[in-house]
1. Check E339 against each of (1) closer than 28 Å to K405 by Cβ; (2) away from the ligand (no atom under 12 Å from the Cβ) and name the one condition it does not meet.
2. Among the residues of region 390-421, write down those that are within 16 Å of the ligand (Cβ to nearest atom) and assigned to a strand (DSSP E or B).
3. Among (1) of a type outside the set (G, A, S); (2) over 19 Å from V290 (Cα atoms); (3) buried (at least 20 other Cβ atoms within 10 Å of the Cβ), which single condition is I321 missing?
4. Which residue out of V219, V256 is under 17 Å from Y191 (Cα atoms), without any contact (Cβ under 8 Å) to a residue 40 or more places away in the chain and within 23 Å of the chain's Cα centre (by Cα)?
5. Which ones in region 266-300 are assigned to a helix (DSSP H, G or I) and surrounded by 21 or more Cβ atoms within 10 Å (Cβ to Cβ)?
6. Given the criteria more than 23 Å from Y299 (Cβ to Cβ) and surrounded by 15 or more Cβ atoms within 10 Å (Cβ to Cβ), does M125 qualify?
7. Return yes when S309 is in contact (Cβ under 8 Å) with a residue 24 or more places away in the chain, more than 11 Å from the ligand (Cβ to nearest atom) and over 15 Å from A363 (Cα atoms) and no when it is not.
8. Mind checking which pairs have a first residue in region 315-326 that is acidic (D, E) and a second that is within 6 Å of the ligand (Cβ to nearest atom) and part of a strand (DSSP E or B), Cβ under 8 Å, 6 or more apart or different chains?
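The values are calculated or read from the model by the stated rules, or taken from the named source; none is laboratory data. None of the values given here were measured: they were computed from a predicted structure. Methodologically, a virtual Cβ is constructed for each residue, glycine included, from the backbone with ideal geometry; neighbour enumeration extends over all protein chains shown.
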Amino acid sequence: MTKTIPVKKNDYIDVVFEDLTHDGAGVAKVEGFPLFIPNGLPGEKAQVKVIKVNKGYGFGRLIEIYEKSPYRVDVLSSEIHKYGGCQLEHISYEGQLKYKENQVRQVLTRIGKLENVLVHPILGMDNNPWHYRNKAQVPVGEKDGKLIAGFFKPRSHEIVDTDESLIQLPEINEAVQAVKEICNDLGISAYQEESHKGALRHIMARYGNQTGELMVVLVTRTEDIPKKNKLVEEIIARLPKVKSIVHNVNSKRTNVILGEKTTVLWGSEVIYDFIGDVRFAISPLSFYQVNPVQTKVLYDKALEYAGLSGDESVIDAYCGIGTISLFLAQKAKKVFGVEVVPEAIEDAKRNAELNGITNVEFAAGEAEVVIPKWYKGGNSAEVLVVDPPRKGCDETFLQTIIEMKPKKVVYVSCNPATLARDLRILEDGGYKTVEVQPVDMFPQTTHVECCVLLKLR
Ligand code: SAH
């Protein structure tokens with residue numbers, strides 16, 4: 001017997017929200033049947049309209065709130081900023097932190113089957129959790145004969161023109177606007193996805209918050225940029241902080257932003273920034289943490305968990321431009337960094353040199369290929385740091401860790417679900433999850449970062 005579904009499309013019903021999903025929607029249950037409703041907050045009583053009903057769950061729209069959550073705050077023109085990544089802007093910062101911490105606890109129990117693991121209160125931003133991002137990649141389109149740039153509407157290919165993002169640093173907003181206006185004035189065409197015609201696909205900007213150095217990257221479909229010299233001249237005139245103007249060619253039909261060919265149009269091939277006392281060169285294609293203030297908080301925690309005395313060999317897997325590696329090198333005997341993007345490894349080597357750090361070695365390749373090779377060749381480490389992308393660690397790599405038996409593993413994660421999955425594998429392989437420190441790297445968004453200490457049992 002199938003259970004009857006208690007709601008149908010277009011019903012208006014009264015609910016009480018119980019929870020938030022990982023993408024920030026409110027969850028309400030009608031006779032146990034879950035409805036997901038954007039904008040609803042736990043504890044709120046509201047009227048909702050059912051808009052879609054599936055077998056095990058449905059979706060609705062918030063119609064009227066009868067009783068508001070104490071964490072609800074007023075938002076301006078919320079739609080636009082929600083597209084731009086501010087999914088939680090209707091929740092006070094205190095409420096956002098509570099939600100993220102809660103989510104970490106829930107996921108570790110549900111997916112990781114980790115009961116009673118020590119999860120510390122999340123470390124949020126002390127000051128103004130807005131305008132923090134040091135990087136933007138903004139899609140370009142055309143509307144009524146004008147070049148526009150902004151955000152994609154969710155689940156669509158439509159671009160909404162915007163003149164500011166509330167989570168970008170002012171320098172980034174300013175750079176994107178200036179480049180958009182210059183390209184528009186020069187009549188540079190925008191890329192059109194459907195016909196695969198037009199030139200400019202994305203405007204990208206990166207900013208070194210400690211050095212005041214700006215990089216502008218123009219991503220085009222075409223090998224040539226129309227009116228290139230004039231464009232460069234104008235960018236330099238409008239943006240005095242610019243140190244590097246780069247051209248990236250992406251001629252493929254793809255939603256991947258950057259293509260394979262990168263050339264410097266003007267200035268330096270990298271910009272510099274500092275995290276703590278360590279200076280970093282950042283090239284256009286390399287990963288670099290986007291919240292400079294919280295990056296320091298996160299890396300300090302990783303260093304604390306590594307607990308180095310100066311005698312240890314350390315492996316930093318997924319090392320990017322060597323940021324964590326160079327932090328660790330100040331306290332370790334030797335650090336080995338691995339990263340799949342060759343340009344990032346070039347940056348990492350340059351960064352070691354730049355800081356006079358000689359006890360590090362970097363290798364380009366996949367962690368799951370390079371580290372097993374090292375291990376078979378007799379190279380091991382007492383401490384292993386991993387900081388994988390959202391999909392988490394490759395299972396073969398986790399098996400290598402279990403065989404290699406480093407005393408400590410420090411797991412830095414930007415996705416609690418894959419973190420929980422990987423912690424379970426490491427627990428089953430002989431590790432104990434000692435403590436978990438969530439850090440809010442991405443205020444106003446649903447993203448959650450964690451730093452975790454594991455020890456060999
Ligand atoms: N620890 C660095 C980078 C973390 S982001 C920092 O804090 O700045 C994750 C990095 O993993 C990216 O640089 C990405 O290019 C790299 N990466 C992705 N898959 C990989 C793999 N299979 N092996 C090694 N590195 C990988």
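1. In the conditions (1) closer than 28 Å to K405 by Cβ; (2) away from the ligand (no atom under 12 Å from the Cβ), E339 misses (2) alone.
2. Answer for region 390-421, where residues must be within 16 Å of the ligand (Cβ to nearest atom) and assigned to a strand (DSSP E or B): V409, V410, Y411, V412, S413.
3. (2)
4. Working: V219 fails: without any contact (Cβ under 8 Å) to a residue 40 or more places away in the chain.
Of V219, V256, the one residue that is under 17 Å from Y191 (Cα atoms), without any contact (Cβ under 8 Å) to a residue 40 or more places away in the chain and within 23 Å of the chain's Cα centre (by Cα) is V256.
5. Step one: of region 266-300, the residues assigned to a helix (DSSP H, G or I) are 292-300.
Listed by number, the residues that qualify are Q294, T295, L298, Y299.
6. Values: more than 23 Å from Y299 (Cβ to Cβ): no; surrounded by 15 or more Cβ atoms within 10 Å (Cβ to Cβ): yes.
Considered against the rule, which asks whether it is more than 23 Å from Y299 (Cβ to Cβ) and surrounded by 15 or more Cβ atoms within 10 Å (Cβ to Cβ), M125 comes out as no.
7. Numbers: in contact (Cβ under 8 Å) with a residue 24 or more places away in the chain: no; more than 11 Å from the ligand (Cβ to nearest atom): yes; over 15 Å from A363 (Cα atoms): yes.
The answer is no for S309.
8. The qualifying pairs are D316/V338.
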